[in-house]
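Below is one structure, written out as structure tokens; comments come after it.
Coordinate-derived values only; no laboratory data. These numbers were taken from a predicted model, which means no experiment stands behind them. Cβ sites come from the backbone with ideal geometry, for glycine too, and all protein chains shown count toward neighbours.
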Amino acid sequence: MFRLTREVRFAVNDVPDDQLDHPPANSHGGYPSLTGVGHYLTAGVTLQGELELPSQYLVNIKRIDEAVRDALPAVQRMIRDRKTATAIVSHLFSHLRERWPTQLESLSLALSPFLSLSSVASELPMMRLSQKFEFSASHRLHNASLSDAENRRTFGKCNNPLGHGHNYEVQVTLIGDPNAHGLLVDIPAFERTVAETVIDPFDHKYLNLEVPQFRDLIPSVENIAKVLYGMLKPVLKLEHAKLASVTVWETPKTWCEYSE
């Protein structure tokens, strides 16, 4: 089974224009382009299946671009009519499912670089909402049951006795069925809960010594993700959503997702 994801970037401008009547000049930066203050969105389309013959494509990515942009006039109207983001995601998902009824696995819509909504075919009618946070902390990777030499071999520089630091990114993902107003959660209230529960207690801390959960647990990125999930799970049992997963980026190249 192959899975192909295509990211399609586009803007919805406050003042209508004729950009969609012309070929894109810069689809990397978004097409239609922003012409002033408006909405810049990114759709991530994931298709699954086997490769076509003779192209050896799962799907030609140009067809994905066309399918998303075919829906943009309707999306533009929905935004100008102040429809909810969940309604827009549902519309886009239905539009794409008509094109690929068995191959469409999921659709995500990034409302900002940090906040996104997504629909997964196997989870309908539920949706996922993901928001990113950050904290800075130091830690030392050290196993007290190993010798100093074994620790150095296992953890390398990360075993530095004085520790080392990271600017961690944390993505908290909720899953649920939107309410009658098309909302999964009150986002500011959700953000306050996450900040109070895990971001503030971890920020600018030496995890091994100042965070009780790591007194006897190695603060690897894997364990950090699991601990954050465990702390957030009881406080994110909301009326229309619950915690789905927590992802922690230790660096831009290293991250771990934890779910149950």
Study note, to complete from the structure: Relative contact order as a percentage, the chain, C-alpha pairs under 8 Å and 6+ apart, gives 14
Review point. Over region 128-258, what is the mean sequence separation of C-alpha contacts under 8 Å (at least six apart), divided by residue count, expressed as relative contact order in percent?
Key: 33
Check your understanding: Tell me, what ³J(HN,Hα) does each residue in region 13-25 have, in order and in whole Hz, if you take phi through Karplus 6.51 cos²θ - 1.76 cosθ + 1.60 with θ = phi - 60° and put x for Gly and Pro?
Key -> 8, 5, 10, x, 9, 9, 4, 5, 7, 10, x, x, 9
**Study point:** Relative contact order %, region 2-124, counting alpha carbon pairs below 8 Å whose residues are six or more apart
**Key:** 26
Review point. Whole-Hz Karplus ³J(HN,Hα) for region 42-54, in order, using 6.51 cos²θ - 1.76 cosθ + 1.60 and θ = phi - 60°, x for Gly and Pro?
Key: 10, 9, x, 10, 10, 10, 10, x, 9, 6, 7, 10, x
Point to revise | Given K62/K226; K83/K233; K62/K233; K205/K242; K83/K253, the pairs whose alpha carbons are separated by over 32 Å | key: K62/K226; K62/K233; K83/K253
Study note, to complete from the structure: Non-local residues with an amide H under 5 Å from the amide H of Y31, with H modelled 1.01 Å from N and Pro and chain starts lacking one, are R9, F10, A11
Check your understanding: Would you list K157, K233 from fewest to most Cβ contacts within 10 Å?
Key -> K157, K233
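How large is the helix-only mean residue ellipticity at 222 nm for the chain, computed as the sum of -39500 (n - 2.57) over DSSP H runs with n ≥ 4, divided by its residue count, in deg cm²/dmol to the nearest 500?
Working: 7 runs with 66 residues, N = 260.
It comes out at -7500 deg cm²/dmol, rounded to the nearest 500.
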Point to revise | Burial ordering of K132, K237, K226, K253, fewest other beta-carbon atoms within 10 Å first | key: K253, K237, K132, K226
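Loop-only check: which trypsin sites (Lys or Arg not before Pro) in region 69-102 are DSSP coil with at most 12 other Cβ within 10 angstrom? Before the final figure, lay out the partial values.
Numbers: sites: R69, R77, R80, R82, K83, R97, R99; in loops: R82, K83.
Filter output for region 69-102: R82.
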Point to revise | Charge dipole of the chain about the Cα centre (unit charges at C-beta), most positive-ward option of I88, L141, G30 | key: L141
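Not counting the cut sites, what is the longest span of the chain without chymotrypsin sites (Phe, Trp or Tyr not before Pro) that DSSP labels loop and that have at most 14 other Cβ atoms within 10 Å?
Values: sites that count: Y57, F114.
Result, exposed sites excluded: 115-260.
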Check your understanding: How much length is gained on full extension from L20 to A144, taking 0.36 nm per residue of separation minus their Cα-Cα distance?
Key -> 38.4 nm
